Amino acid sequence: MTRLTHLRQAVLVSGLALLSGCAAISAVGDAATPLDVYELRAPDSIQPANRAAARDVIVEQPTTSGALETDRIMIRPDPLQAQYLPEVRWSEPTPVMVQTLMLRSIEATGAVRYVGRTPLGASGDIALVTEIIDFQAEVNPDGDTATVEVRLLVRMVRERDAQILASRTFSASTPSASTETEVLIDAFSAASDRVFVDLAAWVRDLI
């Protein structure tokens, strides 16, 4: 497993195994139940810029639907139903995690003077305004496999006059051989890597 840290926060009840198929799907459980934590990392294949532009880039916290405003890992058994993997969660709520991945990916290019969640001064030069459209696994019709979908709409906005300089949708679909948690997380990692490599290159080339 690459670029993926599995932070154990609790020992699962003896005899509880990772479930396969649709049995791996459940709604949010008891809030007091300790959950295993998964953290996605920025890809390590990002190409650096030839030089750093004298610009500051602010990555706004992404917006998304209510179903993704959580640290739980979403899986859809059908297109109209949102559920969550049992006993596990992301290290941060999904919008915060995506913001962190954007920051780390852009930082890895070395393309800008500063990239952060907030400006160093009164305002930055460029803001990235993002909507998370998809960040979930979708169970395939066979009920035993899934596809992870990651899709972001990103707008590059000039801070001084709020003019949209560019916008693009970044997306990736990655098949998962089963709906077991570990296999799904690998698929999430692969899909997010593709999205953030593309996003980092887009920012690097436009800046």
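The values are calculated or read from the model by the stated rules, or taken from the named source; none is laboratory data. Bear in mind that the values here come from a model prediction, so they are computed numbers and not experimental data. Here Cβ is always computed from backbone atoms with ideal geometry, including for glycine, and neighbour counts include all displayed protein chains.
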Checklist outcome for this item: Given (1) under 13 Å from residue 59 (Cα atoms); (2) touching a helix residue (DSSP H, G or I) at 6+ places or on another chain (Cβ under 6 Å), residue 135 misses just (1)
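Please enumerate the residues belonging to region 144-176 that are over 20 Å from the mean Cα position of the chain (by Cα) and either among the aliphatic types (A, V, I, L, M) or surrounded by 13 or more Cβ atoms within 10 Å (Cβ to Cβ) (or both).
Hits for region 144-176 are 144, 145, 157, 158, 159, 162, 164, 165, 166.
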Checklist entry - Checking residue 173 against (1) among the hydroxyl-bearing types (Ser, Thr, Tyr); (2) in contact with a Leu (Cβ under 9 Å, 6 or more places away or on another chain); (3) within 24 Å of residue 72 (Cα to Cα), which single condition isn't satisfied? => result (2)
Checklist entry - What are the pairs, 6+ residues apart or on separate chains, where a residue within region 38-57 that is closer than 10 Å to residue 204 by Cβ and in contact (Cβ under 8 Å) with a residue 24 or more places away in the chain has its Cβ under 6 Å from a residue that is in a loop (DSSP other than H, G, I, E, B) and among the aliphatic types (A, V, I, L, M)? => result 49/111; 53/207
Checklist entry - Got at least one residue in region 170-177 being among the aliphatic types (A, V, I, L, M), in contact with a strand residue (DSSP E or B) (Cβ under 8 Å, 6 or more places away or on another chain) and touching a residue at least 12 places away in the same chain (Cβ under 8 Å)? => result yes
Next on the checklist: Please go through region 94-106 and give me each residue that is under 12 Å from the mean Cα position of the chain (by Cα), of a type in the set (A, V, I, L, M, F, W, C) and either crowded, with 18+ Cβ neighbours inside 10 Å or not in a helix (DSSP H, G or I) (or both), ordered by number.
Outcome noted: 97, 98, 101, 102, 103
Item to check | residue 120 vs. criteria of a type outside the set (Lys, Arg) and within 16 Å of residue 195 (Cβ to Cβ) | outcome: no
Next on the checklist: If I filter region 167-186 for residues that are closer than 25 Å to residue 111 by Cβ, assigned to a loop (DSSP other than H, G, I, E, B) and at pLDDT 95 or above, do I get at least one hit?
Outcome noted: no
Checklist entry - In region 177-207, which residues are surrounded by fewer than 22 Cβ atoms within 10 Å (Cβ to Cβ) and touching a Pro at 6+ places or on another chain (Cβ under 6 Å)? => result 197
Next on the checklist: Take the residues in region 128-143 that are over 13 Å from residue 188 (Cβ atoms) and of a type in the set (Asp, Glu); name whichever of them is surrounded by the most Cβ atoms within 10 Å (Cβ to Cβ).
Outcome noted: 131
Next on the checklist: So, residue 122, is that one farther than 12 Å from residue 61 by Cβ and either part of a strand (DSSP E or B) or at pLDDT below 95 (or both) or not?
Outcome noted: yes
